[in-house]
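The values are calculated or read from the model by the stated rules, or taken from the named source; none is laboratory data. What you see is a predicted model, and the numbers here were worked out from it, not measured in a lab. Cβ coordinates were reconstructed from backbone atoms using ideal geometry, including for glycine residues, and neighbour counts include every protein chain displayed. Accessible surface is based on the protein model in full, side chains and every heavy atom, while ligands, DNA and RNA are left aside. Shrake-Rupley method; radii C 1.70, N 1.55, O 1.52, S 1.80 Å.
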Amino acid sequence: MNDNKLIINRRKFLQSSALAAGAFAVAPLQTACTPANKTAESRSNFGGVEIGAITYSFRLMPTTDAGNILLYTLSAGLGTLEMMGEVAENYAGRPKAPQFGPQIRPEPGQVLTPEQQRQREAQQEARRVYNEEVRAWRLSVPMSKYEELAGIYKMAGVNIHIIKLSPNSNTSDDELDYMFNVCKALGAMGVSTELDLETARRVSPFAVKHGKFLLLHNHAQFADESFTFDPFLEFENVRINFDMGIYYGSTGKDPRDIVEKYHEKIASIHIKDYTAPTATLVGMTEQNRVWGQGDTPLKEFLLYIQSNAGKPGWPVHCDIEMSYVIPEGSDSVIEVARCADFVKKILIK
């Protein structure tokens, strides 16, 4: 399929699916999908490697509710997702956030005026009140809402294999229980968050308690040559959500080396294409490229994952994180589909 035809087909799909999204909350989606009998396993299996996406990839689309996220995923030809927490929680009825306005902070070398200080305190109080409202909602929402969401996705041929609820070292016990109960209701392997040692220490016992994983996502930490995953992995049921693109973009080193060393502790992988680091750009946005236009050894990496697929303790979940600048005339769904086609040409002979 040539690129022009791909773009036309994806756009036509989204236009024809707009009405179906409105019915998402009351009826399982069957219209505008690829064949209804195609399972998540067959849709996402690219030559033995599970290829999905993180829903962050669709963040620039006009609407990012659970119904449209499902349609975008199907349009891109994928069958598994790492879902951002707000997508699932908004479906379950999370209170809508008020408009807080831009964060008030002093300019370098200046102090806030009394009026600015009052505005800042009012803003902070509004955030505190809203956070308490969300906390109360989380402790009352029935897990049946998340089971319903997972069921609709599953019926359409999409699995939710990770939920990014971003727990941290200050998250309360009851909210941590809530997060892992959501994980179980969705049928996900674990709850993901950013890489932080105190978070690993705090949340690990809850991952163990609920029989799930805490998945830690790296950014450019490896730019510090002394950095290692080892301290994080001392905690039980902690696994790595490895960003191979940022690893390469911040170090210039082959990400296969990390998988070779830590494969038994890597639960999933984010795939991207970056240019090699320079003296001024280390893991920066400017290095993020349309796939095939960067320096990351994407083809070699994917074939390496495929060559080890099926071996005990080797990761097979690879999620597209589409975060490069979208070319003019395109959109996030079209670009995720391009990424999926890029992978398919490598892994499916």
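Tabulated data
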item: Candidates 119, 99, 123 - the one that is out of contact with any Phe, Trp or Tyr (no Cβ under 9 Å at 6 or more places or on another chain), assigned to a helix (DSSP H, G or I), farther than 21 Å from residue 165 by Cβ and free of Cβ contacts under 8 Å to residues at least 60 places away in the same chain; result: 119
item: Among (1) within 15 Å of residue 342 (Cβ to Cβ); (2) of a type outside the set (A, V, I, L, M); (3) surrounded by 16 or more Cβ atoms within 10 Å (Cβ to Cβ); (4) more than 20 Å from the chain's Cα centre (by Cα), the one test that residue 277 misses; result: (1)
item: Cβ-Cβ under 6 Å pairs, at least 6 apart or on other chains, segment 198-222 side of a type in the set (D, E, K, R), far side outside any helix (DSSP H, G or I); result: 198/169; 202/169; 212/190
item: Tally, over segment 165-221, of residues that are open to solvent by 10 Å² or more (accessible area, probe 1.4 Å), in a helix (DSSP H, G or I), hydrophobic (A, V, I, L, M, F, W, C) and over 20 Å from residue 140 (Cα atoms); result: 2
item: Residue within segment 248-269 that is in a loop (DSSP other than H, G, I, E, B) and at pLDDT below 90 present; result: no
item: Residue count, segment 136-163 (criterion: open to solvent by 70 Å² or more (accessible area, probe 1.4 Å), touching a residue at least 12 places away in the same chain (Cβ under 8 Å) and under 23 Å from the mean Cα position of the chain (by Cα)); result: 3
item: All positions within segment 293-337 that are open to solvent by 10 Å² or more (accessible area, probe 1.4 Å), touching a residue at least 60 places away in the same chain (Cβ under 8 Å) and in contact with a Phe, Trp or Tyr (Cβ under 7 Å, 6 or more places away or on another chain); result: 321
